[in-house]
Amino acid sequence: MKKILVIGSLNMDSVIKTPRMPKPGETVMGTDISLIPGGKGANQAYAAGKLGGDVTMLGAVGADSFGDAMLDNLRSVNVDIKGICRLEGVHTGQAYITVNEEGQNSIIVISGANGEVTEKMIDENMDLIDESDIIIMQLEIPVETVKYVKEIAVKKEKMVILDPAPAVADLPDDFWKGIDYIKPNETELEVLTGRTMTTETELIEGAKEMLGKGVKTVIVTLGEKGCLYVSNKEEKIIPTKKVPVVDTTAAGDSFTAAFALSLSREESIEEAIAFGQKVSGIVVTKKGAQTSIPGIQELE
Ligand code: RIB
C-alpha cells in the first residue's frame, strides 16, 4: 500500500443544530450544541486512517486542550501525528458550524494554528514528503504553503490531490499546474472559475477550464446527483445512491480521503470514485465531522 501524507488543517468544531439558518440581523433558537473534532485536513487524515490507510499528517495545533483532543482522535485511528507541531501562543483552529433540519451546514473557520503552517514548517518536515507517495491538501492553511508543497511534490514525482476548499478566487495558473486531482463541489468550482454554472455543460466547461490551467483530472462532487469526472481523455457523470441526509459536514473530506486511500491500494479511478461515494454516503447520514466517519467493519 502506498503512503498518504495529509498536509492541512485541524479544527475543533462547535456544531449547532437549528431548525433553520438565521437571516442577517435575526435570532433563532438552536436545539443542540456539541464539540466535535474536525478540520478539513484532520477529517481527511482521520477518514483515511480509520479505513485502514497508511497515513501521516503534517499541520499545527495550539498547546491547549482542543489540540490534545485533536491529536488523541487521530492517534485512535493510527494516523502518524509526528508532523503535527504544537505551537505556544496560538490557539488550535476552530470552526463554528450550524446545521439545519435538511442537514445543510454553514461554517465559519477561525484559523489559529493552521495559519502558522509555513514553508519553514514544511522544510523542517521534508522527510515526511520524501517518505510519502500521495499528498492530500486543502485550502485551510496558507495558500502560499500549499503552492510551495505542490511544487516540491511535483519535482519529487509525488501524486498530489487537492480538495480546493474553502475555494479561493483568482489563484494564478501556476498554482494549479501539475496537480493530479482536484475535487471541488459545484459551488467551489464556481468560485475557482469566477462563473456561475447551472447546467451539466457549464460544469464540464468549468472543469475543462481547470484542466487548461494545468490540473490533470477534475472530480466535481454534485451531492445526491453523484459526481462529474473530467480528464483530458474523457468526461462523465457518475451517479450515486440516494441516502437520508442528517448532516453533510465532512462529506467532501471523506470522499477525498476514501478516493486517495483507494488509489493508495493501486485501484482504478472508477473504483476510487465509487469508494469515495460509498464512504461519503454514510458520512452524510450521521452528525458531525469525525464522529460520522465509518470504519472498515461498518462499510462491510
Ligand atoms: O469540511 C468540514 C470541515 O470544515 C469541518 O470539520 C470544519 O472544521 C471545517 O474545516
Solvent-accessible surface (1.4 angstrom probe) belonging to residue 222, in square angstrom, nearest 10: 10 Å²
Give the percent of DSSP beta bridges with both residues in the chain that are antiparallel, rounded to the nearest 5. 40 percent
Once the other residues with Cβ under 10 Å from the Cβ of residue 192 are scored (Lys, Arg +1; Asp, Glu -1), what is the net sum? -2
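Return the Rg/Rh ratio of the chain with Cα-based radii and a Kirkwood Rh. Display every interim value, and only then the final one.
Values: Rg = 17.9 Å, Rh = 19.1 Å.
Result for the chain is an Rg/Rh of 0.94.
Once the Cα gyration tensor of segment 32-176 is found, what semi-axes does its equivalent ellipsoid get, as square roots of 5 times the eigenvalues, in whole Å, sorted largest first?
24, 19, 16
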May I ask for the distance between the Cα centers of segment 171-190 and segment 68-113, given as a whole number of Å? 23 Å
Segment 156-266: antiparallel DSSP beta bridges as a percent of all, rounded to 5: 65 percent
In angstroms, what radius of gyration and Dmax does segment 95-194 have, counting Cα atoms only? 14.9, 46
Might you work out the accessible area of residue 195 for me, using a 1.4 Å probe with all protein chains in place, and round it to the nearest 10 Å²? 80 Å²
For the cross-link pairs 3/155; 23/208; 82/183; 120/158; 158/183; 147/183, which exceed 25 Å when the distance is taken from alpha carbon to alpha carbon? 23/208; 82/183
Rounded to whole angstroms and listed largest first, the alpha-carbon spread of segment 178-300 along its three principal axes comes to 40, 31, 21
Semi-axes of the equivalent ellipsoid for segment 242-300, Cα gyration tensor, largest first, Å: 20, 10, 10
So, counting K/R as plus one and D/E as minus one, what does the shell of residues with Cβ under 10 Å around residue 225 add up to? -2
For the residue pair residue 23 and residue 123, what label-to-label distance in nm results when each label sits 7 Å from Cα along the Cα-to-beta-carbon direction? 5.3 nm
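Which percent of the accessible heavy-atom area of segment 1-142 goes to carbon and sulfur, probe 1.4 angstrom? It would help to have the intermediate numbers written out before the result.
Details: 3030 of 5870 Å².
For segment 1-142, the apolar C and S fraction of the accessible surface comes to 52 percent.
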With x for Gly and Pro, the residue-by-residue ³J(HN,Hα) of segment 133-145, computed from phi through the Karplus equation 6.51 cos²θ - 1.76 cosθ + 1.60 at θ = phi - 60° and given in whole Hz, is 10, 10, 10, 10, 9, 9, 10, 9, 10, x, 4, 4, 5
So how far apart, in nm, are the two label points at residue 68 and residue 201 if each is 7 Å from Cα heading toward Cβ? 5.9 nm
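Want the number for residue 144 to residue 34: 0.36 nm per residue separation, take away the alpha-carbon distance, what's left? Working shown, then result.
Details: separation 110, 0.36 × 110 = 39.60 nm, distance 3.28 nm.
Net length gain for the segment: 36.3 nm.
The values are calculated or read from the model by the stated rules, or taken from the named source; none is laboratory data. For clarity, every value in this text was computed on a predicted model and none was experimentally measured. Counting neighbours? That spans all protein chains shown, and the Cβs are built from the backbone with ideal geometry, glycine included. Side chains are part of the model used for accessible areas, which takes the heavy atoms of the whole protein and leaves out ligands, DNA and RNA. Shrake-Rupley method; radii C 1.70, N 1.55, O 1.52, S 1.80 Å.
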